[in-house]
Number of protein chains: 2
Amino acid sequence: MVEIRVAKKLVGANAAPAAAVRGLLAEKRVLAINVLGSPGAGKTALLEALASRLRGSLRIGVIEGDLETARDAERMERAGVKALQITTGRGCHLNAAMVLDALSAFDLGALDLLFVENVGNLVCPADWDLGEDFRLLVVSVTEGDDKAAKYPPMFASAHVLALNKTDLLPYVDFDPEKFLAEARSIRPSVEVFRVSCRSGEGVGALADRIAERVRAKRAGER
Amino acid sequence: MVEIRVAKKLVGANAAPAAAVRGLLAEKRVLAINVLGSPGAGKTALLEALASRLRGSLRIGVIEGDLETARDAERMERAGVKALQITTGRGCHLNAAMVLDALSAFDLGALDLLFVENVGNLVCPADWDLGEDFRLLVVSVTEGDDKAAKYPPMFASAHVLALNKTDLLPYVDFDPEKFLAEARSIRPSVEVFRVSCRSGEGVGALADRIAERVRAKRAGER
């Protein structure tokens, strides 16, 4: 099919800016996390909760990707972190050139951690390397326990999986064991955190894991 | 940006098969509904509920679009309607050529109503005309009340909006009035149904409206 060949070509053109982003972040020892998930999975709310736990000990920045509005960047500024909004218009994902351009707005020498919240989309962003250290995929229990099987490219690319909104489990038909078994069959090494920004479940554990990764990067570990 | 120009060209190539689909459906007087929404918005569950109400009086078919698995088609077969699954691999939307190809599996003379459930994605499918009579956008109250403002192309293309999972309103932060005001500011003519497949709220009203549209098409109205 034509569109698949074209997409490959475009992804190819993404490799150079992705390498440039990766080089800059390595030089400045800033850990970057590509945050992915469906619209409404709770990505921004989770980043707010993580930022409020981590901002006392880490210097945090965030790049927000949305089709329209600067609402998410405004939310993150209120959570006390420097935020930059990218609006993509009709664009369904961030690409590395956008991130490279956005980095110029940050003083990377004064940052430890950079979140890059992608456009809400469980398909297209999987194919676009942003030069990140790892990918955090946020999936809400309200989305149904069939999502790993139905969207395998995204799950295959995720290093860390946050199963979000666990406070809603009593009210929805969602089998966490079935979901996690399918996710692990696609990505056996994925690290899983069950989280809820309402109850606070798991947010501390995920924040601790991120802080550990930041320390490893600052220490020059690979 | 390069990808936007390419997308326009591809959308242009979609016009001919979309017209062919529309022509076939007009000739056979089958009403086709393009069903859109995020992953986990509850599209399939809503179609199951609508099918169980409508199948006594209407002859229904469904085309299911997913990256992988035939699970949704199997669910719809169990709901008593003829179902065909399209798997797109890494493809983020259905296009008209896929639908035209799928139509050959149906006896259109023996159908009144065809649902086409698109890939779960609140961005890309907005740009692809499938030859449908109208677009039904399904949004769950768990997705947050900012979705219309953040994904305007999809909302601008929706004729009917089903605000789904209203049974979960007591457990989430979602202001229906704010959400609907933003949706209507983008698409003033949109018809709104508040629905829940759990409580049954609104499903009958939406089914009645669909049956009315089917009767109008069979009567040759435009």
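The values are calculated or read from the model by the stated rules, or taken from the named source; none is laboratory data. Computed from a predicted model, the values in this text were never measured in an experiment. Please note: Cβ atoms are built from the backbone with ideal geometry, for glycine as well, and neighbour counts cover all protein chains shown. Surface accessibility is based on the protein's heavy atoms, side chains included, excluding ligands, DNA and RNA. Shrake-Rupley method; radii C 1.70, N 1.55, O 1.52, S 1.80 Å.
Annotations for the structure displayed:
- The phi-based Karplus calculation (6.51 cos²θ - 1.76 cosθ + 1.60; θ = phi - 60°) puts the 3J(HN,Hα) values of region A:160-173 at 10, 10, 9, 8, 9, 6, 5, 4, 8, 3, x, 10, 10, 8 Hz, whole numbers, x for Gly and Pro.
- Simple Cβ-charge dipole of chain B, Lys/Arg +1 and Asp/Glu -1, about Cα centre, in debye nearest 20: 520 debye
- For q = 0.07, 0.10, 0.12, 0.14 Å⁻¹, Debye-computed log10 I/I(0) when each Cα of the protein assembly as shown counts as one equal scatterer: -0.34, -0.69, -0.99, -1.32
- With 10 Å bins beginning at zero, the pair-distance distribution over Cα atoms of chain B amounts to 8, 34, 38, 17, 2, 0 %.
- Tensor-based shape of region B:1-133 (alpha-carbon gyration tensor, a/c under 1.5 rounded, otherwise prolate or oblate): oblate
- Of A:178, A:43, A:165, the one that fluctuates the most in a GNM where chain A has Cα springs shorter than 10 Å: A:178
- For residue B:197, the solvent-accessible surface with a 1.4 Å probe is about 50 Å², rounded to the nearest 10.
- Here region A:133-222 is assigned +1 on the Cβ of each Lys and Arg and -1 on the Cβ of each Asp and Glu. Its dipole about the Cα centre then comes out at about 500 debye.
- Other residues whose C-beta falls under 14 angstrom from the C-beta of residue A:152 contribute a net charge of +1, scoring Lys and Arg +1 and Asp and Glu -1.
- Candidates A:70, A:19, A:105: whichever shows maximal mean-square fluctuation once chain A is modelled as a Gaussian network with Cα springs under 10 Å: A:105
- Structural descriptor for chain A: relative contact order 25 percent, calculated from alpha carbon pairs under 8 angstrom and at least 6 residues apart.
- Long-range amide H partners of residue A:32 with built H, under 5 Å: A:114, A:133, A:134
- For chain A, built as a Gaussian network whose Cα springs stay under 10 Å, the top-fluctuating residue of A:63, A:33, A:186: A:186
- The calculated FRET efficiency for the pair residue B:77 and residue A:184, based on their C-beta separation and a Förster distance of 30 Å, comes to about 0.55.
- Here the accessible area of the protein assembly as shown is 51 percent carbon and sulfur, with a 1.4 angstrom probe and all protein chains present.
- Averaged over A:88-96, number of beta-carbon atoms from partner chains that fall within 10 Å: 5
- Shape category assigned to region B:118-212 from the gyration tensor of Cα positions, a/c cut at 1.5: oblate
- Share, in percent, of DSSP beta bridges within the protein assembly as shown that are antiparallel, nearest 5: 0 percent
- Cα gyration tensor category, rounded, prolate or oblate, for region A:132-172 with a/c compared to 1.5: oblate
- Rounded to the nearest Hz, the phi-derived 3J(HN,Hα) couplings of region B:78-86 under the Karplus curve 6.51 cos²θ - 1.76 cosθ + 1.60 (θ = phi - 60°) are 5, 7, x, 10, 5, 10, 10, 9, 9, where x marks glycine and proline.
- Ascending distances from the residue A:52 label point to its copies in the other chains, with the point 7 Å along the Cα-to-beta-carbon line: 4.0 nm.
- A from B by rotation - nearest chain B beta carbon to the axis, in Å: B:142, 2
- The simple spin-label model puts a point 7 Å past each Cα toward its Cβ; for residue B:11 and residue B:219 those points are separated by 3.5 nm.
- Threshold 50 Å² - residues in region A:27-48 whose accessible area is reduced by that much or more when the chain is no longer isolated, probe 1.4 Å: A:39
- Sorted largest first by accessible area at a 1.4 angstrom probe radius, with every protein chain in place, the residues A:157, A:189, B:52 fall in the order A:189, B:52, A:157.
- Each other copy places its own label point for residue A:218 at 7.0 nm from this one, sorted shortest first, where the point lies 7 Å along the Cα-to-beta carbon line.
- Amide H within-cut-off set for residue A:84, under 5 Å, with H built and near neighbours excluded: A:62, A:63, A:64
- 3J(HN,Hα) along region B:118-128, derived from phi through the Karplus expression 6.51 cos²θ - 1.76 cosθ + 1.60 where θ = phi - 60°, amounts to 6, 4, x, 5, 8, 10, 4, x, 4, 8, 10 Hz, with x in place of Gly and Pro.
- For residue A:192, the amide hydrogen comes within under 5 Å of the amide hydrogens of A:161, counting only partners 5 or more places away or on other chains and with H modelled in the peptide plane.
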